[in-house]
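Asker: First, the structure itself, so that you have it in front of you.
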Amino acid sequence: MCFKNLPIEFDAQGKPFLRAGVADPYGPSSAGPRGAPAQLTAERIEDLLKRNGYIKDLDFDPVTRVAGALAFHTVADFQGRKVLEARSMATLFRGYEVIMIGRDPRDAIFITSRACGVCGGVHSVTSAMAIEMAIGCVPPPLGILIRNIALALEFLYDHPLHLHLLAGPDYSAAMVGPTNPSLLARARSAEAPHAEIHGFRTIGELMEDLNPLSGKLYLEALHMTRVAREAYVLICGKYPHPQTIVPGGMSSTVTLTVMNEMFIRLAQFFDYSKKLAAIWDDLTEFFYEANPAYKQVGARRANLIDTGIFDHPDAYDATYASATAWGERRWATPGVIMDSQLVTTDLHALNIGIEEFVEHSYYEEWSGSGQRQRFPTDPVGNPLSPYHPWNKVTKPRPQGQNWKEKYTWDTAPRWDRQAMEAGAYARLWNTAVARKLPANPFIEATGTSLKLRLPKGALPELELEWKVPAVWNAFERNRARAYCTGFTALVALNNWLAAMDRLKQGDTRTSTPFEIPKRGEQRGVGFWGAGRGFLTHHLTLDRGAVANYQIVTPSTWNASPTDRWQQPGPYEEAVLNTPLLEETDDPVKFKGIDILRAIRSFDPCMPCTTHIHSDAGVITRK
């Protein structure tokens, strides 16, 4: 049984059902998560601030270097070198779910892609898949393969962007020098174990080239993002908001010439993936050896969730009834990791376990005592919570910020009432442990690792092995993201070879004609993913128009606030566990680098200047 907190059990055939004898099975007084950390109360924090001069408010606004709006509030104990309170704040209401109501569902492909200026294509595909399920439209095999390649290319843009433009500068000489000068001094004389692969003799040289705007690794990453986008637009028309994604496949005209031009660019990622893995192996192990306390930076329970991605053309039929079967044949296996253990790969179980809560969010509750639940079950009769996305109604209610009440525009999604983390690394972990990969010559799942056989380029052929980590923290997130670049490139290669075989056989059909039904009610869900992990679009149609539309993104999970059981969201939990390792006791000089490393390791999709406000003043970092 995969549920420990939800009142769902399974019969002898594996069919889920609600536990008998529970009057209000999903009510607010029902069981909450066990063993989860809890936030200190607002009263306790206020008392600590009054009594202790070394305990200070420390606010980051905004946190990230690109795309969106994320602020973060902490209370830091500068004597104990730890964080006492952490609150994640999404500061903008964007309301795509509200915009979609009453529209033709085909509009979703173009409207929801605007949810992100970095990875809009993933939203287009997820909305297309939700429509396919709702109307019963199955893409042809070549359409599935081309869609897989397009999304792999989008990820090959996204991974270098995160590693060396958004998160990487936190490990550069420009940041390590001011915050930890002794660490940079040590790095300058520390030999890099994988110098023969990445070309840096010492860790110090590597840190210098991670410097933003001027470092070679930073500039190389900019170039590689361009290479990926050049390949992407060959089949998607433009970037970031593609024009060729449709329900039923792709509207692209795909020829051998287009495929060859695409491969020229894809092949550049084979060597680049080798370098990325070597760089982040060396950086991670250097920090661990220099100070084992770095293993606690961004640490939290390994609770991960992912819907899987990259469909098999012989399995995907776009139906919800068969979602478990086609989901388990994906190149990246769906799954839930709970306390480092795989508990399910079943897309039905994954779906029915999702709930969204708004106790600390700027929304009105849509479910309560006496209210009718629109969908008590999913399309195959499995029980659904009134807090499930198919039952959710977006009711924005802006108000003043209050840590006891509401403080963010993000909701609190939970799976089995646990705070789950989304990330590209969840794909690796599920796929490695589940061992359900399609047979292929390049990627092998061992049960504890993924072996990646990268072809020869300027560098010789090389087998990388990403191993399920013993600890889960900021460094392991970034290391796994580096390995995920190689995994993604090899998934693209496998799908490219399969598409070439079809083209050579004369199969050029990339889409299936469809019509939007004008009568009745239909439901669909797109199970897909972004560069930073989990992505779903839950859709309800009524007489041909959108009656409800709900999007759950990776950052919806990761940036989520504390929930009704006082369980912090993933960013909040990771920051609460982070020691403050900067070499200063002066709050005025404090940069908050370890807190920022913790948050940025999740790749928050939110912009570009960081202002740090503390009781001692304001620091602006551009």
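The values are calculated or read from the model by the stated rules, or taken from the named source; none is laboratory data. Just so we're clear, the structure is a prediction, and the values are computed from it rather than from any experiment. Glycine gets a Cβ as well: all are built from the backbone with ideal geometry, and neighbour counts include every protein chain shown. Ligands, DNA and RNA are stripped out before the accessible areas are found, and what is left, the full protein with its side chains, is counted by its heavy atoms. Shrake-Rupley method; radii C 1.70, N 1.55, O 1.52, S 1.80 Å.
Asker: Just name the residue that is nearest to PRO37 (Cα to Cα) out of those in the range 409-453 that are hydroxyl-bearing (Ser, Thr, Tyr) and crowded, with 16+ Cβ neighbours inside 10 Å.
Answerer: Taking the range 409-453 first, the residues hydroxyl-bearing (Ser, Thr, Tyr) are 411, 425, 431, 446, 448-449.
This time we only want the ones that are crowded, with 16+ Cβ neighbours inside 10 Å, so: 411, 425, 431, 449.
Details: THR411: 19, TYR425: 23, THR431: 28, SER449: 29 Å.
Looking at the filtered set, the residue picked out is THR411.
Asker: For the range 453-468, give me each residue that is over 11 Å from LEU428 (Cα atoms) and in contact with a helix residue (DSSP H, G or I) (Cβ under 7 Å, 6 or more places away or on another chain).
Answerer: LEU454, PRO455, GLY457, ALA458, LEU459, LEU462, LEU464
Asker: Would you mention how many residues in the range 364-403 are open to solvent by 30 Å² or more (accessible area, probe 1.4 Å) and of a type outside the set (D, E, K, R)?
Answerer: Our first condition is that a residue be open to solvent by 30 Å² or more (accessible area, probe 1.4 Å); within the range 364-403, this holds for 364-365, 368-374, 376-377, 379-381, 393, 395-403.
Still in the list and also of a type outside the set (D, E, K, R): 368-371, 373, 376-377, 379-381, 393, 396, 398-403.
Total satisfying the criteria: 18.
Asker: Scan the range 454-480 residue by residue and report those that are open to solvent by 10 Å² or more (accessible area, probe 1.4 Å), of a type outside the set (Gly, Ala, Ser) and either touching a Phe, Trp or Tyr at 6+ places or on another chain (Cβ under 7 Å) or closer than 30 Å to GLY249 by Cβ (or both). So that I can check it myself, show each step before the final result.
Answerer: Our first condition is that a residue be open to solvent by 10 Å² or more (accessible area, probe 1.4 Å); within the range 454-480, this holds for 455-465, 467-472, 476, 479.
Among the residues that remain, those that are also of a type outside the set (Gly, Ala, Ser) are: 455-456, 459-465, 467-469, 471-472, 476, 479.
Hits for the range 454-480 are PRO455, LEU464, VAL468, ARG479.
Asker: Which condition does ALA90 not pass, out of (1) open to solvent by 10 Å² or more (accessible area, probe 1.4 Å); (2) over 21 Å from ILE551 (Cα atoms), if it passes all the others?
Answerer: (2)
Asker: Looking at the range 490-511, is at least one residue small (Gly, Ala, Ser) and either on the phi > 0 side of the Ramachandran plot or in contact with a strand residue (DSSP E or B) (Cβ under 6 Å, 6 or more places away or on another chain) (or both)?
Answerer: Let us first name the residues in the range 490-511 that are small (Gly, Ala, Ser), namely 492, 498-499, 506, 511.
If we keep only those that are either on the phi > 0 side of the Ramachandran plot or in contact with a strand residue (DSSP E or B) (Cβ under 6 Å, 6 or more places away or on another chain) (or both) as well, we get 506, 511.
Looking through the range 490-511, at least one residue is small (Gly, Ala, Ser) and either on the phi > 0 side of the Ramachandran plot or in contact with a strand residue (DSSP E or B) (Cβ under 6 Å, 6 or more places away or on another chain) (or both).
Asker: Same structure, new question: Mind checking whether some residue in the range 68-76 is open to solvent by less than 60 Å² (accessible area, probe 1.4 Å), assigned to a loop (DSSP other than H, G, I, E, B) and at pLDDT below 85?
Answerer: Taking the range 68-76 as the starting set, the residues that turn out to be open to solvent by less than 60 Å² (accessible area, probe 1.4 Å) are 68-76.
Those left that are additionally assigned to a loop (DSSP other than H, G, I, E, B): 68-69.
Filter again for at pLDDT below 85, leaving 68-69.
The answer is yes; a qualifying residue exists.
Asker: Among all residue pairs at least 6 apart or on different chains, which show Cβ distances below 8 Å where the first residue, located in the range 181-192, is open to solvent by less than 90 Å² (accessible area, probe 1.4 Å) and the second is in a helix (DSSP H, G or I) and of a type in the set (Asp, Glu)?
Answerer: Here the result reads ALA192/GLU205; ALA192/ASP282, each pair linking the range 181-192 to a residue that is in a helix (DSSP H, G or I) and of a type in the set (Asp, Glu).
Asker: Could I ask something else about it? Quick one: in the range 102-114, which of the residues that are in a helix (DSSP H, G or I) and open to solvent by 10 Å² or more (accessible area, probe 1.4 Å) is farthest from LEU151 (Cα to Cα)?
Answerer: Looking at the filtered set, the residue picked out is ASP107.
Asker: Taking strands (runs of 3 or more DSSP E) that fall entirely within the range 352-457, which contain at least 2 residues that are under 19 Å from the mean Cα position of the chain (by Cα)?
Answerer: Details: elements: 354-357, 412-415, 443-445, 449-454.
Because the criterion is at least 2 residues that are under 19 Å from the mean Cα position of the chain (by Cα), the strands (runs of 3 or more DSSP E) in the range 352-457 that meet it are 354-357, 412-415.
Asker: Another question about this same structure. Answer yes or no as to whether ARG229 is under 21 Å from the mean Cα position of the chain (by Cα) and not in a helix (DSSP H, G or I). Steps first, answer last, please.
Answerer: On the way: under 21 Å from the mean Cα position of the chain (by Cα): yes; not in a helix (DSSP H, G or I): no.
Considered against the rule, which asks whether it is under 21 Å from the mean Cα position of the chain (by Cα) and not in a helix (DSSP H, G or I), ARG229 comes out as no.
Asker: Right, here's the next one. Does the range 476-490 hold any residues that are under 15 Å from TYR157 (Cα atoms) and among the small types (Gly, Ala, Ser), and which are they?
Answerer: Selection gives ALA482, GLY486, ALA489.
Asker: Out of ASP603, ASP594, which single residue is under 29 Å from TYR294 (Cβ atoms), open to solvent by less than 10 Å² (accessible area, probe 1.4 Å), out of contact with any Gly (no Cβ under 6 Å at 6 or more places or on another chain) and at pLDDT below 95?
Answerer: On inspection, the qualifying residue turns out to be ASP603.
Asker: Name the residues in the range 458-472 that are under 19 Å from TYR272 (Cβ atoms) and either in a strand (DSSP E or B) or aliphatic (A, V, I, L, M) (or both), would you?
Answerer: To start, the set of residues in the range 458-472 that are under 19 Å from TYR272 (Cβ atoms) comprises 458-466.
Of everything in the range 458-472, those that are under 19 Å from TYR272 (Cβ atoms) and either in a strand (DSSP E or B) or aliphatic (A, V, I, L, M) (or both) turn out to be ALA458, LEU459, LEU462, GLU463, LEU464, GLU465, TRP466.
Asker: Okay, moving on. Among LEU145, LEU166, LEU213, LEU206, which is the only one that is under 28 Å from PHE270 (Cα atoms), modelled with pLDDT under 95 and more than 18 Å from the chain's Cα centre (by Cα)? Let's see the steps before the verdict.
Answerer: On the way: LEU145 fails: modelled with pLDDT under 95; LEU166 fails: more than 18 Å from the chain's Cα centre (by Cα); LEU206 fails: modelled with pLDDT under 95.
Going through LEU145, LEU166, LEU213, LEU206 in turn, the sole match is LEU213.
Asker: Would you point out which residue out of VAL297, VAL343, VAL358 is farther than 19 Å from THR126 by Cβ and open to solvent by 50 Å² or more (accessible area, probe 1.4 Å)? Spell out how you get there, then give the answer.
Answerer: On the way: VAL297 fails: open to solvent by 50 Å² or more (accessible area, probe 1.4 Å); VAL358 fails: open to solvent by 50 Å² or more (accessible area, probe 1.4 Å).
Selected residue: VAL343, the only one of VAL297, VAL343, VAL358 that is farther than 19 Å from THR126 by Cβ and open to solvent by 50 Å² or more (accessible area, probe 1.4 Å).
Asker: From the list ARG481, ARG453, exactly one residue is farther than 22 Å from PRO292 by Cα, of a type in the set (D, E, K, R) and in contact with a Leu (Cβ under 8 Å, 6 or more places away or on another chain). Which is it?
Answerer: Numbers: ARG481 fails: farther than 22 Å from PRO292 by Cα.
After ruling out the rest, the residue left standing is ARG453.
Asker: Would you point out which residue out of ALA134, ALA187 is under 30 Å from TRP390 (Cβ atoms), at pLDDT 95 or above and either part of a helix (DSSP H, G or I) or of a type in the set (Lys, Arg) (or both)? Step through it out loud before you land on a result.
Answerer: Numbers: ALA187 fails: under 30 Å from TRP390 (Cβ atoms).
Sole residue among the options that is under 30 Å from TRP390 (Cβ atoms), at pLDDT 95 or above and either part of a helix (DSSP H, G or I) or of a type in the set (Lys, Arg) (or both): ALA134.
Asker: Could you figure out which of (1) within 25 Å of the chain's Cα centre (by Cα); (2) buried (at least 19 other Cβ atoms within 10 Å of the Cβ); (3) closer than 28 Å to ALA130 by Cα isn't true of GLY248?
Answerer: That leaves (1) as the condition not met.
Asker: Kindly establish whether PHE534 is touching a Leu at 6+ places or on another chain (Cβ under 8 Å), surrounded by 19 or more Cβ atoms within 10 Å (Cβ to Cβ) and not small (Gly, Ala, Ser).
Answerer: Numbers: touching a Leu at 6+ places or on another chain (Cβ under 8 Å): no; surrounded by 19 or more Cβ atoms within 10 Å (Cβ to Cβ): yes; not small (Gly, Ala, Ser): yes.
The answer is no for PHE534.
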